[in-house]
């Protein structure tokens, strides 16, 4: 008489078991990627706003993410046998029992954080972006005028506009250079690539024979004239520096990631009350030559309804409008360059570990 009860328990256990893990993969990957991406944007915007108020930037990285799932089951069963009293001819024996239980799903995520600090990370923020990294972005399809206006301080001594260096109105020649370089890039008569120079790699800027494309001869001549390059030469070596050693070189002086963040911080639309009280400096006037680099960061007391990224700081909301394509592009480009920054640091024990 015990066998029926045992059979009922076994059936309940078998039927209750199912594979939970595979069903969580799609949702978990998308949800976690989305949240990490949003937090990275907000952290970057938060640090840029802090720098406008002369607060030092601080970065916190997600070092590990472990999500554990489980199914907890509990089955309660009881059985009893005996004779009924009084006995009858139709049912001389009795069998009684009870079967019950419950099941619940358990989600236990563990997220670990570590601060990005130390000499290596600080050095990467202060070190100018290597010219090879700038060239790689152009080779990947980004327009040369966008990349140069974003990352380059000067080319062969021709200076870009800068709010932090107060050169807003010195960029006319640089602006003319970018327009000419963009025109010949779009026409396919120029190229920037890496070539072997003995045992080392050399970055070269190539201007093809303009006789095949006479309509772009003027733009090519403009590039050579502004950069003071040797006429009649199609290949020029790209080097890091402010000034070239010869008329066959193009010297790129690039910005560091810290300079790029400071340039963005300088254009924030800060509350006038904060300026009046001396909490931050007033926003410099816009230059007619830095439109490509501009990132419009707005501010208000109310939370924005449609924001690409928004954070709250000093009782005000700061955000980038989701419909501002230029600002979103430049902000994304800045995050790409920062993500390409190599830290190579050994992370210490996690500062925070959150387990649910």
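What FRET efficiency comes out for the pair residue 242/residue 59, r = Cβ-Cβ distance, R0 = 30 Å, nearest 0.05? Computed FRET efficiency for residue 242 and residue 59 comes out at 0.50.
How high is the relative contact order of region 155-253, in percent, with contacts defined as C-alpha pairs under 8 Å that are six or more residues apart? Once divided by the residue count of region 155-253, the mean separation gives 28 percent.
By the beta-carbon count within 10 Å of each Cβ, the least crowded to most crowded order of 227, 262, fewest first, is 262, 227.
Among 29, 329, the order by Cβ neighbours within 10 angstrom, fewest to most, reads 29, 329. With R₀ set to 22 Å, the beta-carbon distance separating residue 176 from residue 325 gives a calculated FRET efficiency near 0.35. Fewest-first ordering of 313, 289 by other beta carbons within 10 Å of each residue's beta carbon gives 313, 289.
Values quoted throughout were computed directly from the atomic coordinates according to the rules given, and no laboratory measurement underlies them. This structure is a prediction, so every number in the text was calculated from the model and none was measured. Positions of Cβ are backbone-derived with ideal geometry, glycine not excepted, and every protein chain shown enters the neighbour counts.
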